[in-house]
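K.L.:
So that we are looking at the same thing, I have put the structure below in structure tokens.
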Amino acid sequence: METAELLQALETEGRLLAAAAVEAGTDAKVPTCPGWQVSDLLRHTGAVHRWAASYVTEGHTERRPLGEAPDADGAELVAWYRDAHRHLVGALAGASPELECWTFLPAPSPLAFWTRRQAHETAVHRVDAESARGGGTTAVTPGFATDGIDELLRGFHARTRSRVRTPEPRVLRVRTDDTGAVWTVRLSPEPPVTTRGASAEAECELSGPAGQLYLALWNRGPLPSVTGDRALAELWRETSGI
């Protein structure tokens, strides 16, 4: 997706998150994040927004710790989150395409990285907020979901901290039914290596509509379809948490 599209998604997802938080109440439990209440979700996501914005506005070239969230609750905490979200959107919208700062996943540019990362960060936590509210969740568009699956597989799980590993080489396929995207995930004792396309025979395939598959791979919903060795699907569910 283009950076401008991801920025629009970030703006929309943040507004939906805040609205769901208001409807649920900040003391509501978050079923998709066991042990969390909506207040924890708002503090975490708002702190991440401000942390991300600091790289964009201040050009930090090394990793910095997350800042502290306020000891607030209720309407005051929702207002703080909304302010953090607006600040991030404004920082990204006003940033130079030549921005140089620290990033932690491959991307065409730092601006593209931070816009993409925060769009998906917010979308996943918006689903969390809506799960606390009840009544179903807003659908993730196929194109945005496909982009997020790519970031998860070829970005997050290419890092050394990924725990999705097998004693012997195995091959997992991920396929979106509606957008036609395919990934081949090679598993081993090392971090997964993911390439676009069906480049090897797979022992297990995870497939389904992109929006459903996106949430499933982020462990926010059931896998739509599993064919082949289900043990690899279970391995994903058990070890892929970020």
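K.L.:
Taking only complete DSSP H runs, can you tell me which helices of the chain stretch 24 Å or more along their own long axis by Cα positions and average at least 0.0 on the Kyte-Doolittle scale? Display every interim value, and only then the final one.
P.N.:
Details: long enough: 3-24 (31 Å, 0.55); 38-58 (29 Å, -0.11); 74-94 (30 Å, 0.14); 110-133 (34 Å, -0.80).
Flagged H segments are 3-24, 74-94.
K.L.:
Loop-only check: which GluC sites (Glu not before Pro) in the range 178-242 are DSSP coil with at most 13 other Cβ within 10 angstrom?
P.N.:
On the way: sites: E201, E203, E205, E234, E238; in loops: E201, E203.
Sites meeting the loop and neighbour criteria: E201.
K.L.:
Enumerate the amide H contacts of G208 below 5 Å, restricted to partners 5 or more residues apart or on another chain; note that Pro and chain-start residues carry no placed amide H.
P.N.:
Long-range HN contacts for G208: R175, D177.
K.L.:
Mind pulling up the Rg/Rh value for the range 119-167? Radius of gyration and Kirkwood radius, both on Cα.
P.N.:
Values: Rg = 13.6 Å, Rh = 12.5 Å.
Computed over Cα atoms, the ratio is 1.09.
K.L.:
At a threshold of 8 angstrom on Cα-Cα distance, excluding pairs fewer than six apart, so keeping six or more, what relative contact order does the chain reach in percent?
P.N.:
Numbers: 431 pairs, mean separation 43.8, N = 242.
So the answer I get is 18 percent.
K.L.:
Provide the per residue accessible area, probe 1.4 Å, for the range 137-231, rounded to a whole number of square angstrom. Spell out each step's value before the answer.
P.N.:
Working: 4210 Å² over 95 residues.
It amounts to 44 Å² per residue over the range 137-231.
K.L.:
Mind listing P(r) for the range 60-106? All alpha-carbon pairs, 5 Å bins, whole percents.
P.N.:
5, 16, 17, 22, 19, 11, 8, 2
K.L.:
Ignoring ligands, DNA and RNA, please state the percent of accessible area on the range 1-101 from carbon and sulfur, probe 1.4 Å.
P.N.:
Working: 2600 of 5290 Å².
C and S atoms contribute 49 percent here.
K.L.:
Can you give the convex hull volume per residue for the Cα atoms of the chain, as a whole number of Å³? Walk me through the intermediate numbers first.
P.N.:
On the way: hull volume 29.1 nm³, N = 242.
Residue-normalised Cα hull volume stands at 120 Å³.
K.L.:
What is the local net charge at L6, summed over the other residues whose Cβ is closer than 11 Å to its Cβ (Lys, Arg +1; Asp, Glu -1)?
P.N.:
-4
The values are calculated or read from the model by the stated rules, or taken from the named source; none is laboratory data. All of these numbers come straight from a predicted model, not from anything done at the bench. Positions of Cβ are backbone-derived with ideal geometry, glycine not excepted, and every protein chain shown enters the neighbour counts. Quick note on the areas: whole protein, heavy atoms, side chains included, nothing else; ligands and nucleic acids left out. Shrake-Rupley method; radii C 1.70, N 1.55, O 1.52, S 1.80 Å.
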